[in-house]
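Q: Below is one structure. I have some questions about it.
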Amino acid sequence: METKQQDFLDSEPLREEDEHTSDVNLSNPILTDEEREEIQQELTKLEDEISTLKQVLASKEKRHTEIKHKLGVTPLGELRNNLSRGWQDMQSSVAYKRTSESLSSAGQKTTAAFSTLGNAINRKFGDMRNSPSFRSFEEKVENTVTSIKTKVGGPGTGGSFEDVLSSTAKASAQDTPTNNLTDTPERP
């Protein structure tokens, strides 16, 4: 082991040339000047072809726009058609159909549940109205209304609850003093 370390220490230091060769990617073969020139020419040719194709494409796109304009096809109309087509495609998809069926089923179940709940509440109110405590409450309310009718309308005055309310409103309006601006003295 000592001999390996000694050999390493005795070796020459790296020169500048050695440093540059260590940066070279060893996976690419070294090209000759002729090969490099051929590849460069091919690259230039491809770049020219790409440029030409871009020009042709731009020309075709311009013509495409002109034809659409002549036909009266607007960008908004195209967007509307694309959205309509997309919506139709989505509606015909399996996922949309499954989701729609699931939501429909859930809606039917929810409707049935609310209907059952409404029937139960209606039944409970019916039971409650027939109960003795509710009848007692109803009698107290009727007695109070009768008492109010008697106080407001005097004895012998009958009528509906609406009549009592309107007579109470009239009596209240008569008790309220009105402000007459012409009777007030002017301040100096």
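The values are calculated or read from the model by the stated rules, or taken from the named source; none is laboratory data. Just so you know, these numbers come straight off a predicted model, no measurement behind them. Cβ: placed from backbone, ideal geometry, glycine included. Neighbour counts: every protein chain shown.
Q: State whether the residues of the range 96-104 include one that is under 30 Å from Thr168 (Cα atoms) and part of a helix (DSSP H, G or I).
A: Checking the range 96-104: not a single residue is under 30 Å from Thr168 (Cα atoms) and part of a helix (DSSP H, G or I).
Q: Moving on. Run down Leu103, Leu76, Leu117 and say which single residue is loosely packed, with under 10 Cβ neighbours inside 10 Å and not polar (S, T, N, Q).
A: Among Leu103, Leu76, Leu117, only Leu76 is loosely packed, with under 10 Cβ neighbours inside 10 Å and not polar (S, T, N, Q).
Q: For the range 119-128, does any single residue satisfy the condition of being within 30 Å of Ala171 (Cα to Cα), out of contact with any helix residue (DSSP H, G or I) (no Cβ under 8 Å at 6 or more places or on another chain) and modelled with pLDDT under 85?
A: Looking for residues that are within 30 Å of Ala171 (Cα to Cα), out of contact with any helix residue (DSSP H, G or I) (no Cβ under 8 Å at 6 or more places or on another chain) and modelled with pLDDT under 85, one finds none in the range 119-128, hence no.
Residue by residue, here is whether (1) assigned to a helix (DSSP H, G or I); (2) acidic (Asp, Glu); (3) within 25 Å of Arg129 (Cα to Cα); (4) modelled with pLDDT of 75 or more holds:
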{"position": "Ser147", "(1), (2), (3), (4)": "yes, no, yes, yes"}
{"position": "Thr157", "(1), (2), (3), (4)": "no, no, no, no"}
{"position": "Ser166", "(1), (2), (3), (4)": "yes, no, no, yes"}
{"position": "Ala171", "(1), (2), (3), (4)": "yes, no, no, no"}
